[in-house]
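Peer 1: Handing you a structure now.
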Amino acid sequence: MEANKPVTVNEPEAEYQLYSYSDYLTWQFDEVVELIRGKIFKKAAAAPKRIHQRISLKLATKFYTFLEGEKCHVYEAPFDVRFPKTSNEDSQIFDVVQPDICVICDLKKLDDRGCLGAPDLIVEILSPSNNETELRYKFDLYESQGVKEYWIVSPENQTFTINTLIDQRYVTSRMMTSGDVVESAVIKGFSLNLKSFFEGID
């Protein structure tokens, strides 16, 4: 591995090498890694904070309960989402992410390795180690790949921001917090009262 050690995004631009899903499948990192435009993004080796996990589990459970019996499926990380561009071949896929939560309604996109193509809805829960990735790189990736709704949750501030794809561009909501009700434009009928949602999460 050392002889062909993958570079990460914090190394000089000149040293960048493009990696594909084929490479990704061979790696054995202690950290969670994702590929965005062929570049490696490493998440922290340590487990996410407890509050991150509490929010993820509670929100995924609410989606699961709401969608039970429906055609849509909800998944939590670790769960690979691959975004093909010109080919579905592993060696030609350069974007592979592990969203905290994703909802897929086109079940033909699902296979034994995860999701091939854009989920209908993605939720990313921010942490100190991944804020820049979520707010900059993933926003652009999800918008360009046609993810219909992209939620960003801040555990520290107890806020939600919803990005809704309209005419191939994201329209961003105001920052919502306790007292607001989050509604999904993609998962019809799903709503979340943030005051009750964040109660008991600390």
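Peer 1: Run the dipole for region 63-202 about the Cα centre, Lys and Arg Cβ at +1, Asp and Glu Cβ at -1, nothing else charged, and hand back the magnitude in debye, nearest 20.
Peer 2: In debye, rounded to 20, region 63-202 gives about 360.
Peer 1: For CYS105 and GLN17, calculate 0.36 nm times their separation in residues minus their Cα-Cα distance, and state this gained length in nm to one decimal. Spell out each step's value before the answer.
Peer 2: Working: separation 88, 0.36 × 88 = 31.68 nm, distance 3.41 nm.
Length gained, CYS105 through GLN17: 28.3 nm.
Peer 1: Would you mind computing, in nm to one decimal, how far apart the modelled labels at LYS188 and THR86 are, each placed 7 Å from Cα along Cα→Cβ?
Peer 2: Here the modelled spin labels are 3.8 nm apart.
Peer 1: Explain nothing, just compute: Karplus ³J(HN,Hα) = 6.51 cos²θ - 1.76 cosθ + 1.60, θ = phi - 60°, for every residue of region 142-156 in order, whole Hz, x for Gly and Pro.
Peer 2: Each residue of region 142-156 in turn: 5, 5, 5, 8, x, 5, 5, 9, 10, 9, 10, 10, 9, x, 5 Hz.
Peer 1: Further question on the same structure: Here is the link list: LYS71/LYS188; LYS43/LYS138; LYS71/LYS108; LYS62/LYS138; LYS148/LYS188; LYS62/LYS188. Which ones come out longer than 18 Å on Cα distance? Please list the in-between numbers first.
Peer 2: Numbers: LYS71/LYS188 13 Å; LYS43/LYS138 13 Å; LYS71/LYS108 11 Å; LYS62/LYS138 24 Å; LYS148/LYS188 13 Å; LYS62/LYS188 14 Å.
Cα-Cα > 18 Å for LYS62/LYS138; rest within.
Peer 1: Taking region 50-198 as the region of interest, what is the percent of Cα-Cα pairs per 10 angstrom bin, listed from the shortest bin to the one with the maximum distance?
Peer 2: 11, 44, 37, 9, 1
Peer 1: Write out the GluC sites (Glu not before Pro) in region 76-145 meeting two conditions: DSSP loop, and at most 13 other Cβ atoms within 10 Å of their Cβ. Mind dumping the intermediate values first?
Peer 2: Numbers: sites: GLU76, GLU89, GLU124, GLU132, GLU134, GLU143; in loops: GLU89.
Passing sites in region 76-145 are GLU89.
Peer 1: Now for a separate question. Tell me, what ³J(HN,Hα) does each residue in region 62-77 have, in order and in whole Hz, if you take phi through Karplus 6.51 cos²θ - 1.76 cosθ + 1.60 with θ = phi - 60° and put x for Gly and Pro?
Peer 2: 5, 4, 4, 4, 5, 8, 4, x, 8, 7, 7, 10, 10, 9, 10, 5
Peer 1: Would you mind ranking SER87, SER22 so that the residue whose beta carbon has the fewest other beta carbons within 10 Å leads the list?
Peer 2: Arranged by neighbour count, lowest to highest, SER87, SER22 become SER87, SER22.
Peer 1: When a/c is below 1.5 the answer is rounded, else prolate if a/b is larger than b/c, else oblate, so apply that to region 70-151 with a ≥ b ≥ c taken from the square roots of the Cα gyration tensor eigenvalues. The partial results should precede the final answer.
Peer 2: On the way: a/c = 1.66, a/b = 1.21, b/c = 1.37.
It is oblate, given that a/c is not under 1.5 and a/b is not larger than b/c.
Peer 1: Further question: For the pair THR65/ASP30, report the inter-label distance in nm, with labels modelled 7 Å from Cα in the Cβ direction.
Peer 2: For the pair THR65/ASP30, the computed spacing is 3.8 nm.
Peer 1: Moving on. Quick one: Cα centre-to-centre distance for region 155-202 and region 68-103, in angstrom?
Peer 2: 22
Peer 1: What distance in nm separates the two pseudo spin-label positions at LEU57 and GLN168, each 7 Å out from Cα along the beta-carbon direction?
Peer 2: Going from the LEU57 label point to the GLN168 one covers 4.3 nm.
Peer 1: Going by how many other beta carbons lie within 10 Å of each one, how would you line up TRP27, TRP151, fewest first?
Peer 2: Ascending number of Cβ neighbours within 10 Å: TRP27, TRP151.
Any read-out appearing in this document is the output of simple, stated calculations on the displayed coordinates, not a laboratory observation. Here the structure is a predicted model, which means the values were calculated and not measured. Positions of Cβ are backbone-derived with ideal geometry, glycine not excepted, and every protein chain shown enters the neighbour counts.
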